[in-house]
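K.L.:
Take this structure first; my questions come after.
The values are calculated or read from the model by the stated rules, or taken from the named source; none is laboratory data. Nothing here was measured: the structure is a model prediction, and the numbers come from that model. Cβ atoms come from the backbone with ideal geometry, glycine included; neighbour counts cover every protein chain shown.
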Amino acid sequence: MTHWIASSTRDNWKILDKKHIWGVPKRNRTLMHRVKPGDTILVYVRQEKGDDTILPSAITGAYEVVSDPYEDLSPLFITPPQMGDEVFPYRMKVRPVAVFPEPLEFNPLFEDLRFITNKKMWSGHLRQAMREIPEEGLQGLARFAETYGADFHRIEAVAKVGEELKVLDLTKPTVIKAVKESANVVSLYMSEHAQDYC
């Protein structure tokens, strides 16, 4: 099981959330074939200009991959002007795990994500369609939960273990501590800190 961060526009995230399908450009075919059922995708939306405001970059939700990647050339997503006739043909089916009622602003979060090495030009790490989040990314989420957890009803990390979905509840101080101290985050999903995901 792998965690990914997927870069999208708000319009295409709304399509993903409604249709439960994620797609990437033709150039990302090889990357897409590394994604497996049971993997988790966090959807990152880039900063965009709204009517009278700037909408900040944010995490909109988490989704579990429920199909192998497939190719579909039918139009589904909205193509940004700079991408020409791209239809995002390499796709997979997903199911929502956690969708935030209000997108979770990304700026307070990226400082704790060690895989983002250039903190001044951090958005460059998220320009490709998908990026694998190493285990320490979950530890960054634990640090975020420790700081901002009171602002959220739920902060969870979900993973498939065998045929079961397990969840780490990152609003619990004991779980946060275990994640931050763990050398092998995957083993936490098989420990007393994880619960069955319902």
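K.L.:
Restricting to segment 79-95, count the residues that are over 14 Å from Trp22 (Cβ atoms) and part of a loop (DSSP other than H, G, I, E, B).
P.N.:
Residues meeting the conditions: 5.
K.L.:
Are there any pairs with C-beta distances below 9 angstrom linking a residue in segment 73-92 that is among the basic types (Lys, Arg) to a residue that is in a loop (DSSP other than H, G, I, E, B), with the two at least 6 apart or on different chains, and if so which?
P.N.:
Listed pairs, sorted by first residue: Arg91/Ser67; Arg91/Pro69; Arg91/Asp72; Arg91/Leu76.
K.L.:
Can I ask one more? Just one of Glu64, Glu102 is acidic (Asp, Glu) and under 14 Å from the mean Cα position of the chain (by Cα); which is it?
P.N.:
Details: Glu102 fails: under 14 Å from the mean Cα position of the chain (by Cα).
None of the others qualify; the one that does is Glu64.
K.L.:
Restricting the search to segment 57-79, which residues are surrounded by fewer than 13 Cβ atoms within 10 Å (Cβ to Cβ) and charged (D, E, K, R)?
P.N.:
Hits for segment 57-79 are Asp68, Glu71.
K.L.:
Out of the helices (runs of 4 or more DSSP H) lying entirely within segment 132-198, which hold 1 or more residues that are at pLDDT 75 or above?
P.N.:
Qualifying helices (runs of 4 or more DSSP H): 173-181, 185-188.
K.L.:
Where the second residue is among the aliphatic types (A, V, I, L, M) and the first is surrounded by fewer than 15 Cβ atoms within 10 Å (Cβ to Cβ) and lies in segment 1-30, which pairs have Cβ atoms under 7 Å and are six or more apart or on separate chains?
P.N.:
So the pair list comes out as Asp11/Ile78; Lys19/Leu76.
K.L.:
Here are Ser74, Ser7: which of them is of a type in the set (Gly, Ala, Ser), over 17 Å from Val158 (Cα atoms) and assigned to a loop (DSSP other than H, G, I, E, B)? Spell out how you get there, then give the answer.
P.N.:
Working: Ser7 fails: assigned to a loop (DSSP other than H, G, I, E, B).
Unique residue meeting the criteria: Ser74.
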